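> One structure, as structure tokens, below. Some questions next.
The values are calculated or read from the model by the stated rules, or taken from the named source; none is laboratory data. Because the structure is predicted, anything quoted here is derived from the model rather than measured. Glycine also receives a Cβ, built like all others from the backbone with ideal geometry; neighbour counts cover every protein chain displayed.
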Amino acid sequence: MMDTIEQALKGTSLFESLSDEEFNDIVNATSTLELPAGAIIVEEGGIGQECYVIFDGMIQVFTTTSDGQEVVLDKCQPGELVGEQSLVPSSNGRRNANLRAYSDVILIRLSKADFQKVLTRDHPLQERLVQLGKSQVQNRLLRQSALFRSLRFGEDGTDWYRQEAFADREVIIRQGEPGDKAYVILSGTADVYHEEPKCNPRLL
């Protein structure tokens, strides 16, 4: 268990680019949360309004496939930051995985509003969060897909995907057009339709 909240936050390394004043503002804005083993901390797809630093215990990061199977993406230990992607101003704010207490846990909670009081859009910390998010997405895709693992994407260190966001009812792929990319749904749902001449689109 960490000795102090300050020590736990410094252990994440993400706050290294903050000034002493900014870091102290972060420390003063935190609160603690205690949960028993098995408790769901955040749910995939929900709107994220805070992140957590693990003060004591362990957290399991997991997702659920379309056929209801759980896929464990990671296990996080004291000193690790979780749920931080909801703090990035450019994100859609939705959780991209579930968090569950793997043991009894004590968490340091930091709200998005408090964090963004010290985070400007061009602050170096934001770029660190973006890069961390990219590595998390890549790890998730590789764990969930045997296809991606077999193709050995990302072994040369290059980005092999691009994250895109679509509005409700926006067309992603149009029937009959040449295909030049594939998509993996990280959050939300998509409907698949078949169009026929002089007929309403048919949901498949």
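> So which residues in segment 87-116 are of a type in the set (A, V, I, L, M) and under 17 Å from the mean Cα position of the chain (by Cα), if there are any at all?
87, 88, 97, 99, 101, 110
> Let me ask something else about it. For segment 8-19, state whether one or more residues are modelled with pLDDT of 85 or more, part of a helix (DSSP H, G or I) and surrounded by 16 or more Cβ atoms within 10 Å (Cβ to Cβ).
Scanning segment 8-19 turns up at least one residue that is modelled with pLDDT of 85 or more, part of a helix (DSSP H, G or I) and surrounded by 16 or more Cβ atoms within 10 Å (Cβ to Cβ).
> Okay, moving on. Identify the single condition in (1) modelled with pLDDT under 90; (2) in a loop (DSSP other than H, G, I, E, B); (3) over 23 Å from residue 165 (Cβ atoms) that residue 45 does not satisfy, given that it satisfies every other one.
Answer for residue 45: the failing condition is (3).
> Right, another one. Inspect all residues belonging to segment 120-133 and state whether any of them is surrounded by 10 or more Cβ atoms within 10 Å (Cβ to Cβ), modelled with pLDDT of 80 or more, touching a Leu at 6+ places or on another chain (Cβ under 7 Å) and under 25 Å from residue 51 (Cβ atoms).
No, segment 120-133 has no match at all.
> Report yes if some residue within segment 144-166 is at pLDDT 70 or above, more than 30 Å from residue 53 (Cα to Cα) and not in a helix (DSSP H, G or I); otherwise report no.
yes
> Here's something else I'd like to know. Looking at 83, 46, can you tell me which residue is surrounded by 14 or more Cβ atoms within 10 Å (Cβ to Cβ) and in contact (Cβ under 8 Å) with a residue 24 or more places away in the chain?
Working: 46 fails: surrounded by 14 or more Cβ atoms within 10 Å (Cβ to Cβ).
The unique qualifying residue is 83.
> Hey, among 60, 85, which residue is assigned to a helix (DSSP H, G or I) and of a type outside the set (Val, Ile, Thr)?
Result: 85 is the single residue among 60, 85 that is assigned to a helix (DSSP H, G or I) and of a type outside the set (Val, Ile, Thr).
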